[in-house]
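Student: One structure follows; several queries about it will come next.
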Amino acid sequence: MNTKRSIILSAFCIFITAFVIAFFFPREGKFRYQFNEGKPWKYGLLTAPSNFPIYKEASEIEAVKDSIRKKFEPYFRFNPDKEHVKLENWRNRMPVLREAGIPYNILMYIDKSLRETYRKGIISGSDFELMNKENRTRITTLTNSVANVRPLTDFRSVKSAYEEIINRAPADIDKDILKGCNINEYLTENVFYDPETSNKILGDLIQNIPLSSGMVQAGERIVDRGEVIDSHTYSVLRSLKIVHETKSGGAQRQNIILIGQFILIFGIMACFGLYMATFNPRIFFKRKNLIFILLCIIVTCILSEICIKYNLINIYIIPFAIIPIVIRTFFDSHTALFTHLITIAICSLTALFPYEFLLLQIFTGIVVIFSLKELSQRSQLIKCSLFVFLSYMIFYLSLVIYQEGDFSKINWEMALYFSINFILLMFSYILIYVLEKIFGYLSSITLVELSNLNNPLLKKLSETAPGTFQHTLQVSILASKAGEKVGADTQLIRTGTLYHDIGKMNNPLFFTENQNGFNPHEKLSFEQSAQIIISHVTDGIKIAEKAGLPKAIIDFICTHHGRGKTKFFYNSFRNNFPDKPVNDAAFTYPGPNPFTKETAILMMADSTEAASRSLKDYTDESIKNLINKIIDSQIADGLMKNAPLTFKDIDAIKSVFFERLKTMHHTRVSYPELKEQEKPTEEVTGDPHHSAK
């Protein structure tokens, strides 16, 4: 499936998609105004063309940097290697000191003090001097990547640690003996200044200094003709100029920006392509599927880019969640979620607050996937839209409260935007129906609706050909269970099975399951009978097309006999006329042979269920032999050569058929008759549904 040609075509489609999206990316023009603080504004009314930050002056930023440097708590790192060596030396020295007559309580005090001192930390004298010189009162220690902020006074130098051990000794310890133990030989630094980490963290703090002191909203009034430019207005105008100059720079710069945008977007789309090619090749390398998914990404990205570029509507009005809804309806949840993530990653490049935008869209996308995990009814799309609205509100309110810590900072206009988004999402109900017709897709919702036994076509089948209807129900049980075992689409199998024999409605009495003692084939030749039997396929196709059934369902009608023969009439003809040449075409179904797992499973289930009705005794051996005979015969006739089934799959299907047929054809218990002479005082009733186990 993923041939070299398919790979090249897919890569080309991704390339074109990236270029189209990059082409519509907003690129600003040159700033047209000149201004000075304290001078009047000589142009007309100026309003903000878009949201932009009010940048701080360089002096303000430098003052913040100085404040951060003063408050910064340098990083020190525990290194227990030397400590372990010293403690090991002490443990080796203790027996010697004990033999030399040093009291046991002194040795235990020294051992405990050494461990406690090392646990607190010993810093070199030079590091102490450096911290005192920089007026540091606290430092950050790193132990196994865990950071703790501690006062500098918690630590000791080798000298102060030695003095502390001597001075805090209990009264019952002779300090002269204590000093004679040479405690200083077992003390060393175990906490060291980490300049690399300190400089990195300090650099990150400085790097994260906000360069702006506020925001100007799109459409906000900045200045009007004749007004004197005060310091605040000057900062706003200067910031607006910076934004424009950053995004402009002439045709050459515009081209450079376009190239950068294209490379970035192509990189994102390449990740999408690699993911799909690796985990969903059956979807990715099918041209229709690839074009459909890429169109979903292109339309959403271009719509958001145009809205931001021309300030048409708030970006949160755009129903981004419709992407995972639509993709999930036609494909799987993983494809839907990854497509959504790629789309919002690209759209976030143009959003004013990309991180907030990403957070909201990621969480709502996950909510969509979760709410549509088992998609079977169109009403779930309405519920999903409501869940998206609630998710937007909850995550937005949480984010504002987290960032601002003030309820008054909540912008309640966002609720209006989310409400409009909710209304637009409700149209996904109609959009999915339109996309089904345009691209020929078949959603699980449509399959569930078609499999409703009250569907007019199925209802007519049950009334016109009740035996055939019962047959299809039994086959649907067999086929769907087998499909579940081998990872096929069980809902598609179930629905396709219900419609595969609708052509029998035209001549129901010519099929055994609908006959009641009279067989019209007795008056016909074998060729005529075969043609009537074969016609139920062509008749079924006509009925299905007239009823507007999807092509995927019609495929079940076409392929459930494949290019096989009407074996009963074909064999009867050859047995009765051994010397007469046989016209194979007169006994052969039009086909084609099954070409999907689902249609192949139906062929096997249909033949097996029909043949099982002719068994005289339903024993394990007879059922198993019948299944093997039917399926092996179909394989031998080449009817399964186009079906993507492995021998392991076929064995699993046979096993399912065996278990289900045993259940379908089990025998029941015969209830004993009540003897006439017995007259029980109470009426005894039996369970009519009781069956032998």
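Student: Kindly list, by first and then second residue, each pair from a residue in region 431-442 that is hydroxyl-bearing (Ser, Thr, Tyr) to a residue that is in a helix (DSSP H, G or I), limited to pairs with Cβ atoms under 7 Å and residues at least 6 apart or on different chains.
Tutor: As it stands, the answer is 441/330; 441/435, since those pairs meet every condition given.
Student: Which of the residues belonging to region 618-671 are hydroxyl-bearing (Ser, Thr, Tyr), at pLDDT below 90 and open to solvent by 60 Å² or more (accessible area, probe 1.4 Å)?
Tutor: 618, 619, 663, 667, 670, 671
Student: Now, a different point. Quick check: anything in region 602-613 in contact (Cβ under 8 Å) with a residue 24 or more places away in the chain, more than 22 Å from residue 512 (Cα to Cα), surrounded by fewer than 21 Cβ atoms within 10 Å (Cβ to Cβ) and touching a Ser or Thr at 6+ places or on another chain (Cβ under 9 Å)?
Tutor: Taking every residue of region 602-613 in turn, none turns out to be in contact (Cβ under 8 Å) with a residue 24 or more places away in the chain, more than 22 Å from residue 512 (Cα to Cα), surrounded by fewer than 21 Cβ atoms within 10 Å (Cβ to Cβ) and touching a Ser or Thr at 6+ places or on another chain (Cβ under 9 Å).
Student: How many of the residues in region 137-178 are part of a helix (DSSP H, G or I) and touching a Gly at 6+ places or on another chain (Cβ under 6 Å)?
Tutor: 0
Student: Step by step: first the residues of region 94-116, then only those that are touching a residue at least 40 places away in the same chain (Cβ under 8 Å) and out of contact with any Leu (no Cβ under 7 Å at 6 or more places or on another chain), then the one that is surrounded by the most Cβ atoms within 10 Å (Cβ to Cβ). Which residue is that?
Tutor: So the residue we want is 110.
Student: Taking the stated definitions as given, is residue 449 open to solvent by 20 Å² or more (accessible area, probe 1.4 Å), acidic (Asp, Glu) and closer than 24 Å to residue 379 by Cβ?
Tutor: Here the answer is yes, as residue 449 does meet what is asked.
Student: Mind telling me which of the residues 611, 605 ends up being modelled with pLDDT under 90, among the aliphatic types (A, V, I, L, M) and part of a helix (DSSP H, G or I)?
Tutor: Going through 611, 605 in turn, just one is modelled with pLDDT under 90, among the aliphatic types (A, V, I, L, M) and part of a helix (DSSP H, G or I): 611.
Student: To continue, here is another question. What pairs come up if the first residue lies in region 582-593 and is in a loop (DSSP other than H, G, I, E, B), the second is polar (S, T, N, Q) and open to solvent by 10 Å² or more (accessible area, probe 1.4 Å), and their beta carbons are under 6 Å apart, counting only those six or more places apart or on different chains?
Tutor: Short answer, once both residue conditions are applied: 593/642.
Student: Right, next: Any idea which of 364, 350 is polar (S, T, N, Q) and outside any helix (DSSP H, G or I)?
Tutor: 350
Student: Does residue 474 satisfy the condition of being buried (at least 19 other Cβ atoms within 10 Å of the Cβ) and either at pLDDT 90 or above or closer than 23 Å to residue 568 by Cα (or both)?
Tutor: yes
Student: Turning to a different aspect of this structure: So, in region 486-537, of the ones that are touching a His at 6+ places or on another chain (Cβ under 6 Å), free of Cβ contacts under 8 Å to residues at least 60 places away in the same chain and within 21 Å of residue 469 (Cα to Cα), which residue ends up least open to solvent (accessible area, probe 1.4 Å)?
Tutor: 503
Student: Please verify whether residue 325 is in contact with a helix residue (DSSP H, G or I) (Cβ under 7 Å, 6 or more places away or on another chain), of a type outside the set (Phe, Trp, Tyr) and open to solvent by 20 Å² or more (accessible area, probe 1.4 Å), treating the condition exactly as stated.
Tutor: no
Student: Residue 556: surrounded by 15 or more Cβ atoms within 10 Å (Cβ to Cβ), assigned to a helix (DSSP H, G or I) and touching a Ser or Thr at 6+ places or on another chain (Cβ under 7 Å), yes or no?
Tutor: So residue 556 passes the test.
Student: Something else about it: Does region 281-292 hold any residues that are touching a Phe, Trp or Tyr at 6+ places or on another chain (Cβ under 8 Å) and either open to solvent by 20 Å² or more (accessible area, probe 1.4 Å) or not polar (S, T, N, Q) (or both), and which are they?
Tutor: Scanning region 281-292 gives 283, 288, 290, 292.
Student: With the condition being in contact with a Cys (Cβ under 7 Å, 6 or more places away or on another chain) and closer than 30 Å to residue 432 by Cα, I'd like the helices (runs of 4 or more DSSP H) fully within region 207-321 carrying at least 1 qualifying residues.
Tutor: It comes to 287-309.
Student: Please state which of the following conditions residue 356 fails to meet, knowing it meets all the rest: (1) at pLDDT 80 or above; (2) surrounded by fewer than 16 Cβ atoms within 10 Å (Cβ to Cβ).
Tutor: Of (1) at pLDDT 80 or above; (2) surrounded by fewer than 16 Cβ atoms within 10 Å (Cβ to Cβ), only one is false for residue 356: (2).
Student: Moving on to the next point. Just name the residue that is farthest from residue 492 (Cα to Cα) out of those in region 412-453 that are in a helix (DSSP H, G or I) and small (Gly, Ala, Ser).
Tutor: 415
Student: Still on this model: Looking at region 164-205, which of the residues that are out of contact with any helix residue (DSSP H, G or I) (no Cβ under 9 Å at 6 or more places or on another chain) and open to solvent by 80 Å² or more (accessible area, probe 1.4 Å) is nearest to residue 94 (Cα to Cα)?
Tutor: Of everything passing the filter in region 164-205, 176 is nearest to residue 94 (Cα to Cα).
Student: Another question, then. Here is a list: 61, 68, 106. Which entry is closer than 25 Å to residue 169 by Cα, assigned to a helix (DSSP H, G or I) and of a type in the set (Val, Ile, Thr)?
Tutor: 106 is the lone residue from the list that is closer than 25 Å to residue 169 by Cα, assigned to a helix (DSSP H, G or I) and of a type in the set (Val, Ile, Thr).
Student: Does region 57-77 include one or more residues that are at pLDDT below 85, in contact with a strand residue (DSSP E or B) (Cβ under 6 Å, 6 or more places away or on another chain) and not acidic (Asp, Glu)?
Tutor: Checking region 57-77: not a single residue is at pLDDT below 85, in contact with a strand residue (DSSP E or B) (Cβ under 6 Å, 6 or more places away or on another chain) and not acidic (Asp, Glu).
The values are calculated or read from the model by the stated rules, or taken from the named source; none is laboratory data. What you see is a predicted model; the values in this text were computed from it and never measured. Heads up, the Cβs are rebuilt from the backbone with ideal geometry, glycines too, and the neighbour counts pull from every protein chain shown. The protein model used for the area step is the full one, side chains on, heavy atoms only, and it has no ligands, DNA or RNA in it. Shrake-Rupley method; radii C 1.70, N 1.55, O 1.52, S 1.80 Å.
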